[in-house]
1. For region 97-210, compute the orientation-averaged projected area of the C-alpha convex hull (one quarter of its surface), in nm².
2. In whole Hz, with x marking every Gly and Pro, tabulate ³J(HN,Hα) for region 14-23 from phi via Karplus 6.51 cos²θ - 1.76 cosθ + 1.60, θ = phi - 60°.
3. Roughly what % of Cα-Cα distances in region 1-59 sit above 18 Å, to the whole percent?
4. Under a 5 Å amide H to amide H cut-off, with H placed in plane at 1.01 Å, what residues pair with V11 once short-range neighbours are removed?
5. Could you state the number of Å between the C-alpha centres of region 75-102 and region 167-189?
6. What ranking, highest mean first, results for peptides 145-151, 203-209, 190-196, 124-130 when packing means the other Cβ atoms within 10 Å averaged over each residue?
7. Mind listing the phi-derived Karplus ³J(HN,Hα) values for region 171-187, rounded to whole Hz, using 6.51, -1.76 and 1.60 with θ = phi - 60°, and x for any glycine or proline?
8. With charges set only on the Cβ (+1 for Lys and Arg, -1 for Asp and Glu), what does the dipole of the chain come to about its Cα centre, in debye to the nearest 20?
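Just so you know, all these numbers are worked out from the coordinates, no wet-lab data involved. If you're wondering where the values come from, they're calculated on a predicted model, not measured in any experiment. When we count neighbours, we look across all protein chains shown, and the Cβ atoms used for this are built from the backbone with ideal geometry, even at glycine.
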Amino acid sequence: MANLLYVTCNVRAQDKSRTLALGYGFLEEYLRWNPQDEVQVLDLYRDSIQRVDQDVLNALGRIKQGEDYVLLFSEEERRKMSRLWRLADQFGRCDKYVFVTHSLNLWFPAEFKMYIDAICIPDRTYRLTPGGAEGILSDRHRKSLHLHAGPPFKFGQEQDLSVPYLRSVLGFLGVAHHDIMFLEGDDPELVSEGDHEKARHRLLELAHRF
């Protein structure tokens, strides 16, 4: 049995979002082929994601210095760190990851970056060594699927940076295999039925072997 983490970051309703509709179809097909697997769902616009703020940075520094988390930290610091550790540990327990996202000004919405900061926690998903930081999640075969809608219009010659950024972070943490599906725009009304069906069929095929 595998553990799959399904993460969405889109404020639109499902019937108004191409990525959300396609992602849900993928998940349904995946569960049809893998009914024994455990699936956890995170909606980053609606679930509470702890921001890395001054309290968190102070707490991480004090933990690194060996201070007692239970005795010396304030209730607020403990609450914030517990929320971060819960997200990082959830990520570390999973074998498969599906990210359903869209571009906002050539990158992810802020909520997605907050989530990445929340799971990249020392001694949870990576460790610090004399030679620098190294991921610690390569203990078993992990894989990811990134379904991403790019910008709906051109930004001159500039390129969307979302997909390579997430691939880089996942590779660093230890997620070895990546499938990427890039869509041009998230609004289903601006996409031809033929293009939508091609994307849907490709995702259904991926679900069979994911």
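1. Approximately 8.7 nm², given one-decimal rounding.
2. 4, 6, 10, 10, 5, 5, 5, 5, 5, x
3. 50
4. The answer is none.
5. If you average the Cα positions of each part, the centres end up 19 Å apart.
6. Going by the mean number of other Cβ atoms within 10 Å, highest first, we get 145-151, 203-209, 124-130, 190-196.
7. Running phi through 6.51 cos²θ - 1.76 cosθ + 1.60 with θ = phi - 60° gives x, 4, 5, x, 7, 7, 10, 10, 10, 10, 10, 9, 10, 8, x, 9, 7 Hz.
8. 400
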